[in-house]
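Student: I have a structure here, written as structure tokens, and I will follow up with some questions on it.
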Amino acid sequence: MKNLVVRASSGLVYAIIIFLGTTIHPKGLIVLMMVFGLFCLYEFLKITKLSKKIYQLGVLLASLLIFGYYSKNFLEAFETSNHYYFYLKSAFFIVPVLFLFSIYTIFKSTNELLNDFGKATLGLTYIIAPFALALTLPSFDTSLGEKVMHYEVFFVFLLLWCSDTFAYLTGNLIGKHKFAPKISSAKTWEGFFGGIVFTLLAGFLIQKYYGENLHGNWMIIGLIVAALGTFGDLTESKIKRFFNVKDSSNLIPGHGGFLDRLDSFIFVVPFVYLYYLLVYTL
């Protein structure tokens with residue numbers, strides 16, 4: 001019972017921080033993504049046992065430069081642009097490509113994680129890049145002549161929570177067929193499709209009640225989140241299994257580490273970005 005209270009309390013605080021960080025002010029979103037990204041990077045490097053100080057320092061400096069670049073552009077866009085569409089630059093297509101390459105490396109060339117240069121590179125392309133790219137998602141617009149933050153980034157989190165929750169519940173109730181038994185024995189196909197169904201429903205409700213104030217079709221985004229979020233969890237599980245680690249850390253009481261909570265967010269952001277890129281630039 002005590003563990004349940006701790007888990008529920010820390011989960012509530014975590015959700016409130018995300019809501020405030022993504023909806024109040026652009027600098028709040030920047031700080032939130034930077035803090036999440038750096039904590040996840042710390043846990044990733046700890047899991048993979050990157051010990052050489054020169055690589056640790058190099059990854060940290062590169063991460064700060066990446067966040068600095070995206071943050072500067074984000075704040076300039078907030079100050080000077082009436083809409084966010086222009087910021088979906090085709091040149092940023094390279095970021096999802098690098099992310100996909102890092103996922104391929106994790107699953108097909110896992111031994112690269114034994115190489116310090118490989119660990120450092122994946123720390124940037126797999127961990128930092130998605131959090132920086134989250135700053136390019138539509139998150140503000142002009143209302144009555146004033147800039148206001150929108151709920152797009154928060155709703156991505158909300159859809160992920162919906163997918164995780166209902167995939168877990170459906171899997172526990174009727175799950176029989178293992179989804180990826182060699183990586184995560186708890187996941188089932190029934191849970192996977194249950195998560196998709198309920199997340200599509202959540203996307204429909206978001207579109208119906210908030211769609212006029214949001215960018216994109218949220219049933220499509222819900223499908224992207226539900227279908228791909230699971231693979232974020234599997235990717236982290238693959239890394240932890242390779243290094244024989246259970247949790248990325250214990251920084252979030254009752255929930256493990258930041259990487260345990262944000263692995264799905266890391267995976268879906270590049271694809272949500274690609275969706276917006278296709279919708280608003282083609």
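Student: Does any residue of the range 143-161 turn out to be at pLDDT below 90, touching a helix residue (DSSP H, G or I) at 6+ places or on another chain (Cβ under 9 Å), more than 30 Å from Lys27 (Cα to Cα) and not in a helix (DSSP H, G or I)?
Tutor: No.
Student: Take the residues in the range 241-256 that are surrounded by fewer than 16 Cβ atoms within 10 Å (Cβ to Cβ), part of a loop (DSSP other than H, G, I, E, B) and touching a strand residue (DSSP E or B) at 6+ places or on another chain (Cβ under 9 Å); name whichever of them is modelled with the highest pLDDT.
Tutor: Lys246
Student: Now a separate question. Assess whether Phe67 counts as being farther than 12 Å from Leu122 by Cα, part of a helix (DSSP H, G or I) and in contact with a helix residue (DSSP H, G or I) (Cβ under 6 Å, 6 or more places away or on another chain).
Tutor: Criteria met by Phe67.
Student: Moving to a separate point now. Checking the condition surrounded by fewer than 22 Cβ atoms within 10 Å (Cβ to Cβ), within 20 Å of Ile128 (Cβ to Cβ) and touching a residue at least 12 places away in the same chain (Cβ under 8 Å), which residue from Leu277, Leu259, Leu223, Leu214 passes?
Tutor: Leu277
Student: Hey, does the range 177-187 have a residue that's out of contact with any Pro (no Cβ under 9 Å at 6 or more places or on another chain), modelled with pLDDT of 90 or more and either among the charged types (D, E, K, R) or surrounded by 15 or more Cβ atoms within 10 Å (Cβ to Cβ) (or both)?
Tutor: Scanning the range 177-187 turns up no residue that is out of contact with any Pro (no Cβ under 9 Å at 6 or more places or on another chain), modelled with pLDDT of 90 or more and either among the charged types (D, E, K, R) or surrounded by 15 or more Cβ atoms within 10 Å (Cβ to Cβ) (or both).
Student: From the list Phe204, Phe166, Phe265, which one is crowded, with 20+ Cβ neighbours inside 10 Å, of a type in the set (A, V, I, L, M, F, W, C) and farther than 30 Å from Leu98 by Cβ?
Tutor: Result of the check over Phe204, Phe166, Phe265: Phe166.
Student: So which residues in the range 102-112 are surrounded by 15 or more Cβ atoms within 10 Å (Cβ to Cβ) and either modelled with pLDDT of 85 or more or in contact with a Pro (Cβ under 6 Å, 6 or more places away or on another chain) (or both)?
Tutor: Of everything in the range 102-112, those that are surrounded by 15 or more Cβ atoms within 10 Å (Cβ to Cβ) and either modelled with pLDDT of 85 or more or in contact with a Pro (Cβ under 6 Å, 6 or more places away or on another chain) (or both) turn out to be Ser102, Ile103, Thr105, Ile106.
Student: Filter the range 188-205 for residues that are of a type in the set (A, V, I, L, M, F, W, C) and more than 19 Å from the chain's Cα centre (by Cα); which is modelled with the lowest pLDDT?
Tutor: Trp189
Student: Considering only the range 202-235, state which residues are closer than 19 Å to Pro181 by Cα and of a type in the set (Val, Ile, Thr).
Tutor: Thr230, Thr235
Student: So is Gly232 assigned to a loop (DSSP other than H, G, I, E, B) and either crowded, with 18+ Cβ neighbours inside 10 Å or under 21 Å from the mean Cα position of the chain (by Cα) (or both) or not?
Tutor: Spelling it out, it is not the case that Gly232 is assigned to a loop (DSSP other than H, G, I, E, B) and either crowded, with 18+ Cβ neighbours inside 10 Å or under 21 Å from the mean Cα position of the chain (by Cα) (or both).
Student: Scanning for something in contact with a Phe, Trp or Tyr (Cβ under 6 Å, 6 or more places away or on another chain), β-branched (Val, Ile, Thr) and assigned to a helix (DSSP H, G or I), does the range 197-216 turn up at least one residue?
Tutor: Among the residues of the range 197-216, at least one is in contact with a Phe, Trp or Tyr (Cβ under 6 Å, 6 or more places away or on another chain), β-branched (Val, Ile, Thr) and assigned to a helix (DSSP H, G or I), which makes the answer yes.
Student: Can you tell me which residue is farthest from Gly123 (Cα to Cα) among those in the range 18-64 that are assigned to a helix (DSSP H, G or I) and hydroxyl-bearing (Ser, Thr, Tyr)?
Tutor: Thr23
Student: Quickly run through the range 169-178 and pick out the residues that are closer than 26 Å to Phe271 by Cα, assigned to a helix (DSSP H, G or I) and free of Cβ contacts under 8 Å to residues at least 24 places away in the same chain.
Tutor: Within the range 169-178, Gly171 is the sole residue that qualifies.
Student: Something else about it: Filter the range 16-50 for residues that are among the hydrophobic types (A, V, I, L, M, F, W, C) and without any contact (Cβ under 8 Å) to a residue 24 or more places away in the chain and give the result.
Tutor: Ile16, Ile17, Leu20, Val31, Leu32, Val35
Student: I've got another one for you. Name the residues in the range 126-146 that are within 22 Å of Trp218 (Cα to Cα) and either touching a strand residue (DSSP E or B) at 6+ places or on another chain (Cβ under 8 Å) or hydroxyl-bearing (Ser, Thr, Tyr) (or both), would you?
Tutor: Matches in the range 126-146: Thr136, Ser139, Phe140, Asp141, Thr142, Ser143.
The values are calculated or read from the model by the stated rules, or taken from the named source; none is laboratory data. As the structure is a prediction and not an experimental result, all values here were calculated from the model. Here Cβ is always computed from backbone atoms with ideal geometry, including for glycine, and neighbour counts include all displayed protein chains.
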